[in-house]
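Participant: Let me give you the structure first, and then I'll get to my questions.
The values are calculated or read from the model by the stated rules, or taken from the named source; none is laboratory data. The shown structure was predicted, so the numbers you read here are calculated from the model rather than taken from an experiment. When we count neighbours, we look across all protein chains shown, and the Cβ atoms used for this are built from the backbone with ideal geometry, even at glycine. These area figures cover heavy atoms from the full protein model, side chains too; ligands, DNA and RNA do not enter into them. Shrake-Rupley method; radii C 1.70, N 1.55, O 1.52, S 1.80 Å.
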Amino acid sequence: MRRLPGLVHYVKLTTILTTVNVTLVVVVVVDYTHTGCISNVTLMLDTLRAYAVYKGWVTDMHPPSRQDYTSVSVAGQGGGSYSKQWRRQSCWRTWKQLSRLQRSLILVVLFVCGVASYPAVTEHLRGLSDGVQDRGGLLMPVTPRVLPEPVQQGQPPPQPTSQRKLSHRRGPPILQSRLQKKGNASDSVVEEDKAADSKREEEEEGAISWRGVVIDTDKATDGSRESKENSLGNQRGKPSNKSEAELLEAVQEAFLHSWKGYKDFAWGHDELRPLSKSYSEWFGLGLTLIDALDTMWILGLKKEFEEAKSWVATELTFNKNVDVNLFESTIRILGGLLSTYHLTGDTLFLDKAKDIGSRLMPAFNTPSKIPYSDVNIGKGTAHPPRWTSDSTVAEVTSIQLEFRELSRLTQEPQYQAAVAEVMNQVHRMDGKLDGLVPMFINTNNGQFTHQGIYTMGARADSYYEYLLKQWIQGGKTENQLLEDYLQAIEGVKKNLLQKSSPNGLTFVGEISHGQFSPKMDHLVCFLPGTLALGAHNGLPADHMALAKELMETCYQMYIQMETGLSPEIVHFNMHEGSTRDIDVKLADRHNLLRPETVESLFYLYRFTRDHKYQDWGWEILQSFNKYTKVSSGGYTSINNVRDPDYPSPRDKMESFFLGETLKYLYLLFSEDPDLISLDQYVFNTEAHPLPIWPSAA
Ligand code: DMJ
């Protein structure tokens, strides 16, 4: 390698490095300020890494031993495993072995990517969630982490990652407004995406398999081309040759495997981190355990249920100085406790429900009575996120089933009154598009903000779900709810429904400042089930027809992926001459073990008895087992549904995998219509069944 001669070159190099460093620092600071994490930088590096592979600057992306490392091997350095290579040569030595031209190119690319990719990358982060959440895109926390980092159990502590942050869908509104600037940046990402795809396919045979690390080797099939072909077609195992008992047992096994991981490594904590055999805290309230209570009851897992109940009785306390998200704690904790009370009749759960319900009430003490997003359940104080005084529409309109039920059970009207006030205000608010709502409401003035984006996905989704379900819960008497729901569905048909090319899949896109975007979150896959539920309750038959079309589309979002698992977000092609219906951007390839598609499959099967819906659910369960099951216990969300050889586990099992995904799969495979009858129960948005009010049934 030639040394850089003279002061001039030294100054040039220093200037370039300084610029790159400053750029990265600015990106990190802006990123952190806006999102509370550095997820965008991680994505930027991932994008750069894929681009480097595509350009041939590096030969491969070997799987790192931990998912939070970015690892490349330099072209011409030969093969070998990640760890061997890493030991053999330091980054500096590798750097020095590059030519000046190569190094200059890398620096320039880093700089250009740092400046140019920030808006494009942050655009991908809009929504979500399900860090989380939720109907949750993704990558930002609702609340700052308020609890200490978990103590590791029997393992060296893993490097801190932003798991919660990486999986959270609800982020600062500034990210939302960037949606309108899609256009070229977005297109170029698609092109890179396609190029990286084809490059990866060429190199597939040489890639290192990860499965030996995390999958049950006796159950998983080999990660070969054969298994990939299977996952692309319809040939995967169908349940038609299986008995009902075998199907139900398969779900019980999946649950017990998940529970083993949770019990061994995360007992009493919020979420299992199955790869690092540890846990993560969000609220510090045993979230997975509470979310899973009624699933265990429904699946008939009595021993496990009794152990969990004993923890609730002796360990669970809400008298804690901790900030919780109003929506997430309502749907998971309050909803989970209420449904478990109804299924078991055990007043322990009702007492706990009353306790958490009353502690959440300070959230409604706002100038507008539209609740804040966050409550400190120990101090009785509430506040909006750090970056805004807005609340998310879906969050403030998807807590009603639970608080209404709490009022009915306690005969204390304040809970129902608080959430009814929100619905009444939203009913009257200006700024809707044919019944479709924007994504934010200001808690000071009670008006929609950041108007112009209309979606059935993150931040709006469960508003529509709860319009219908409150109407059903209350005995189909509250006409305002029904009218708003029917108008919204007409709004969907008029503004958001399109067909893809070449195969004419019906999908639900978004409107962004007057422009149609063919983007659809996986979260939208709740809609077929909700439409079917409405039709079952007497709403127009064309709702059922639309439900079936959208169900097919959601299924295609799974089987068209190489792992057979849906990404978080897809984009549909609408141009004539397209060769495939579905595109997936690099930043959208994760799967968080979400329930929406199997949820809808359950409704469609209940109402039609068409076994194809069970077949589809079985295929999805097989794919979860193949690509997300961790041998020592638990299932993990993954980063890349397009790469069956290295789906890149995220080391997180969301509580809704046990609360929702496995519960809906079990109910899908059950032939008993009285196992949670849909004429007696209505599921909250976290799959916790609440009774349709007796006077109304
Ligand atoms: C769950 O918490 C609920 O289903 C919520 O409505 C959306 N996000 C997750 C599942 O994806």
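Participant: Considering only the range 566-580, state which residues are touching a Gly at 6+ places or on another chain (Cβ under 8 Å) and among the acidic types (D, E).
Facilitator: If the condition is that a residue be touching a Gly at 6+ places or on another chain (Cβ under 8 Å) and among the acidic types (D, E), then E568 is the only one that fits.
Participant: While we're looking at this one, here's another question. What do you reckon, is L621 away from the ligand (no atom under 16 Å from the Cβ), modelled with pLDDT of 95 or more and not in a loop (DSSP other than H, G, I, E, B)?
Facilitator: Yes; evaluated as a whole, the condition is true for this residue.
Participant: Something else: Got a number for residues in the range 624-660 being within 16 Å of the ligand (Cβ to nearest atom), in a loop (DSSP other than H, G, I, E, B) and not small (G, A, S)?
Facilitator: Total satisfying the criteria: 6.
Participant: Before we move on, is S339 touching a strand residue (DSSP E or B) at 6+ places or on another chain (Cβ under 9 Å) and within 16 Å of the ligand (Cβ to nearest atom)?
Facilitator: Criteria met by S339.
Participant: Only one residue in L467, L496, L486, L539 is modelled with pLDDT of 95 or more and open to solvent by 30 Å² or more (accessible area, probe 1.4 Å). Which one?
Facilitator: Unique residue meeting the criteria: L486.
Participant: Ok, one more. Can you go through E229, E315, E271, E253 and tell me which one is at pLDDT 95 or above, open to solvent by 60 Å² or more (accessible area, probe 1.4 Å) and within 30 Å of Q556 (Cα to Cα)?
Facilitator: Among E229, E315, E271, E253, only E253 is at pLDDT 95 or above, open to solvent by 60 Å² or more (accessible area, probe 1.4 Å) and within 30 Å of Q556 (Cα to Cα).
Participant: Continuing with this model, one more query. Out of all the residues in the range 679-697, which are farther than 13 Å from L409 by Cα and surrounded by fewer than 21 Cβ atoms within 10 Å (Cβ to Cβ)?
Facilitator: Once the filter is applied, which keeps residues that are farther than 13 Å from L409 by Cα and surrounded by fewer than 21 Cβ atoms within 10 Å (Cβ to Cβ), the range 679-697 yields D679, Q680, Y681, S695, A696, A697.
Participant: Go through the range 502-517 residue by residue and tally those that are buried (at least 17 other Cβ atoms within 10 Å of the Cβ), over 12 Å from V492 (Cβ atoms) and not hydrophobic (A, V, I, L, M, F, W, C).
Facilitator: 2
Participant: Within the range 563-581, how many residues are open to solvent by less than 10 Å² (accessible area, probe 1.4 Å) and charged (D, E, K, R)?
Facilitator: Selection size over the range 563-581: 2.
Participant: Among (1) under 23 Å from P274 (Cα atoms); (2) in a helix (DSSP H, G or I); (3) open to solvent by 10 Å² or more (accessible area, probe 1.4 Å), where does W616 come up short?
Facilitator: That leaves (1) as the condition not met.
Participant: Another question about this same structure. Is it fair to say Y646 is in contact with a Phe, Trp or Tyr (Cβ under 7 Å, 6 or more places away or on another chain), at pLDDT 95 or above and open to solvent by 10 Å² or more (accessible area, probe 1.4 Å)?
Facilitator: Judged against the criteria, Y646 is a match.
Participant: Could I ask something else about it? Within the range 307-335, track down each residue that is within 16 Å of the ligand (Cβ to nearest atom) and either of a type in the set (V, I, T) or under 15 Å from W282 (Cα atoms) (or both).
Facilitator: V324, N325, L326, F327, E328, S329, T330, I331, R332, I333
Participant: Filter the range 664-683 down to residues that are assigned to a loop (DSSP other than H, G, I, E, B) and under 18 Å from L299 (Cα atoms), then give me how many there are.
Facilitator: 9
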